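Inspection log for the structure reproduced underneath, given as structure tokens.
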Amino acid sequence: MEVKSIAVIGATGSIGSSALDIFRNYPERFKPVMLSAGRNVEKLIAAASEFKPAHVVIADDTKYNDLKSALSGSGAKLYCGQAGLSEAINNCGAKMCLSAAVGSAGLAPTIDAIKAGMDIALANKESLVAGGEIILELIKEKNVRLLPVDSEHSALFQCLDGNPRKSVRKLIITASGGAFRDYSKRQLETATPQQALAHPTWDMGAKITIDSATLANKALEVIEAHRLFAIAYENIEVLVHRQSLIHGMVEFCDGAVMAQIAKPDMRLPILHALGYPERLEYNLQSPSFATLGQLTFEEPKYELFPMLEIGITAGKAGGLHPAVYSAANEKAVALFLDGKISFNDIAKRTEKALSTTPNLPVTLENILSAENEAKKQFCN
């Protein structure tokens, strides 16, 4: 069987690290031929030394000399910056791209990978949120596959596989509720980044962990599900499921509901996307149903976590609103992590940015411009 060549955008983050674990276990199936990172040059050097990809990219050009010094003589072609990432994507010849960059930085390279004819294993939800119209049109034009890696969308994809869309009544996306799911309004006013990062069930990167606490990640996932599966917003439901075992459910027209159940481990959806349509054996333990106990579900607390409704409203508004929501949230989360704004200010600042969304066509240039403008509003 031919080894599948993989380009990894975001190789040093939590998704990238999980993917590297899969590569270690399946060297006969997957070969990373390009690894990229944003700033973490140390982890990138370690990964490149282990897997020996032909192309290695560091987005932060101030770290390029460190990369060059460490990998001198390795035979790998080295790149830096966004232009370097685009060049590497076009040169590496990969069959599939795992798009796992954090935030809006993932949009342009994902588009580059599609144009290069790669199937896309998409972990960067912001790409589809901001540039969904462009990405989906290119996917059709280039006749490549778009496979979801987010645990919720992978779950929905698995439940939908083989079922016609006309038979679907509703999609149900589950949420852990994040670190603040039991906080009161008063407690949220003084919530700290350290408290927000203490996720009850998942081990993720800082940005997505804060998004989990605000429920912004669920808004992004609703927009992504709407675009991935062509389901109306009104037919997508969010439920808080504290155990994080059911990752998504599909209600069909006959009243049947299918659910995907697994322990919270991102290696499973990554492996599903990389190996699709084949299911590959892996050493992940299934839930023990005999000792599972209760599975609980509850409505999100919209009044305490307004980022969910703000984001869904932005999705319904369409145009550049989803891109502005994603970018403004990304910048606000960074400010919160730096201790410069409060937890509740994330929603306030994102809503303010959305109020000035330009009414322009959805092009890559306009998306990037609107995102940059949204982020500038938080500079002072």
> So for the pair ASP182, SER74, with labels modelled 7 Å out along Cα→Cβ, what separation do we get in nm?
Replying inline: 4.5 nm
> Sorted from fewest to most neighbouring beta carbons within 10 Å, what does the list SER369, SER154 look like?
Replying inline: SER369, SER154
> Once both labels are modelled 7 Å past Cα along the beta-carbon direction, what's the LEU364-GLU298 spacing in nm?
Replying inline: 4.5 nm
>> Excluding same-chain pairs closer than 8 in sequence, count the lysine pairs in region 4-148 whose Cα atoms lie under 13 Å apart.
In response: 11
>> Order 51-59, 255-263, 118-126, 236-244 from most to least packed using the mean count of other Cβ atoms within 10 Å.
In response: 118-126, 51-59, 236-244, 255-263
> To the nearest 20 debye, what charge dipole does region 153-376 have about its Cα centre, counting +1 at the Cβ of each Lys and Arg and -1 at the Cβ of each Asp and Glu?
Replying inline: 280 debye
>> Within a 10 angstrom radius of the beta carbon, how do VAL222, VAL102, VAL8 rank from fewest other beta carbons to most?
In response: VAL102, VAL222, VAL8
> Quick one, what does Rg over Rh come out to for region 40-120 if you take C-alpha atoms and the Kirkwood Rh?
Replying inline: 0.95
> Too long at a 28 Å Cα-Cα cut-off: which of LYS166/LYS331; LYS166/LYS316; LYS301/LYS352; LYS170/LYS331; LYS185/LYS218; LYS166/LYS263?
Replying inline: LYS166/LYS331; LYS170/LYS331; LYS166/LYS263
>> Quick check: Cα centre of region 173-210 to Cα centre of region 270-324, how many Å?
In response: 15 Å
> Where in region 74-116 is the amide nitrogen less than 16 Å from a point lying 7 Å along the Cα-to-Cβ axis of ARG39?
Replying inline: 81-82, 101-106
>> Compute a Gaussian network model of the chain, connecting alpha carbons closer than 10 Å, and tell me which residue from LEU360, LEU107, LEU268 fluctuates the most.
In response: LEU360
> Considering the dipole of the chain built from charges on the beta carbon (Lys and Arg +1, Asp and Glu -1) around the Cα centre, which of LEU304, HIS321, THR110 is farthest to its positive end?
Replying inline: THR110
> How would you rank 347-357, 308-318, highest first, on the average number of other Cβ atoms within 10 Å across their residues?
Replying inline: 308-318, 347-357
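Every number in this text was worked out from the coordinates using simple rules, so none of it is lab data. Fair warning: this is a prediction, and the values are worked out from it, not measured in the lab. Methodologically, a virtual Cβ is constructed for each residue, glycine included, from the backbone with ideal geometry; neighbour enumeration extends over all protein chains shown.
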